[in-house]
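Engineer: Next up is a structure, given as structure tokens.
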Amino acid sequence: MKWTEQQVPRQDGRVAVITGANTGLGFETARALAERGASVVLAVRDTAKGKVAAARIGGDVSVQELDLTSLDSVRAAAAGLRASHPRIDLLINNAGVMYTPRQTTRDGFEMQFGTNHLGHFALTGLLLDLLLPVPGSRVVTVSSAGHRIRAAIHFDDLQWQRSYSRVAAYGQSKLANLMFTYELQRRLTAHGTTVAVAAHPGVSSTELGRNTPAVVRRPVTLLASVIAQPATAGALPTLRAATDPSVLGGQYYGPDGLGEVRGHPKLVTSSPESYDLTVQQRLWAVSEELTGVRFPVGRAAAAA
């Protein structure tokens, strides 16, 4: 059976925090959850746009300022969420940037790695204790098929200071999303409540490709117009990862079509590199060091 939005269960009484939810995949994820009765928080950088999105969605939807390019903003957002929500059922790490020119976050991290991975790593660590006591709670992190492109975690030059490839840097950040999910699930196993799951949208019509280099933008745009699916379809793997009762921790969901480009969400596998346990643990340690965030679940608990 093809999984569709109609199979999202009722979400009454559940709190969902979604990053980058004022547009694209995040907006469609928020809309679907709100329509099923969830209390939804749009965690966005531009609160004015967030309020417009919240009004379009209707229901119990609020806005929290969050700039993933600033650890100060991440900490402030986490504090704000903690003050307004004593529990969180769903944390959906959806926001992201792709193919940006060489630039850095406010903390000096390469923009794609800092936003897509480190910002979400820090936010999750600062909020996780609000999820741990909640039965059925989940952390869903949105990766990309792009994690397979020149896939590697470049520990010798994580911030791409010696040379820069916007495609390879994006691939590194999306590979990091998966490795984070797998290592987080390993650490969560002993707790028996919260699970970590990943998803990818295939090729979807969103604003994510706005930084595609001009030299390839035209052919890429033409190709996307033929194969891309609407954001409503691109959000389905995230929605399934977040709500399907059959989902297990450490799973990865993507479209079922040829090449996982488009289609209905199904369980998929990621690249062989993403399952490297040693690299996962090293990335975790480096991420803790760079962000200064320690999680309330440790490796010892995962091994227990």
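Engineer: So, in region 183-207, of the ones that are modelled with pLDDT under 95 and surrounded by 20 or more Cβ atoms within 10 Å (Cβ to Cβ), which residue ends up nearest to Val97 (Cα to Cα)?
Structural biologist: Ranking the candidates gives Thr206 first.
Engineer: So, Gln7, is that one farther than 23 Å from Thr115 by Cβ and of a type in the set (S, T, N, Q) or not?
Structural biologist: Spelling it out, Gln7 is indeed farther than 23 Å from Thr115 by Cβ and of a type in the set (S, T, N, Q).
Engineer: Name the strands (runs of 3 or more DSSP E) wholly within region 42-146 that hold at least 1 residues that are more than 18 Å from the chain's Cα centre (by Cα) and either at pLDDT 95 or above or of a type in the set (A, V, I, L, M, F, W, C) (or both)?
Structural biologist: Answer list for region 42-146: 61-65.
Engineer: Further, regarding this structure: Between a residue in region 266-286 that is of a type in the set (A, V, I, L, M, F, W, C) and modelled with pLDDT of 95 or more and any residue that is surrounded by 16 or more Cβ atoms within 10 Å (Cβ to Cβ) and part of a helix (DSSP H, G or I), which pairs come within a Cβ distance under 7 Å, given they are 6 or more apart or on different chains?
Structural biologist: Hits for this filter: Val268/Glu260; Val279/Met179; Leu283/Ala176; Leu283/Met179; Trp284/Glu183.
The values are calculated or read from the model by the stated rules, or taken from the named source; none is laboratory data. Because the structure is a prediction, the values reported are computed rather than measured. Note: ideal-geometry Cβ built from the backbone for every residue, glycine included; neighbour counts use all protein chains shown.
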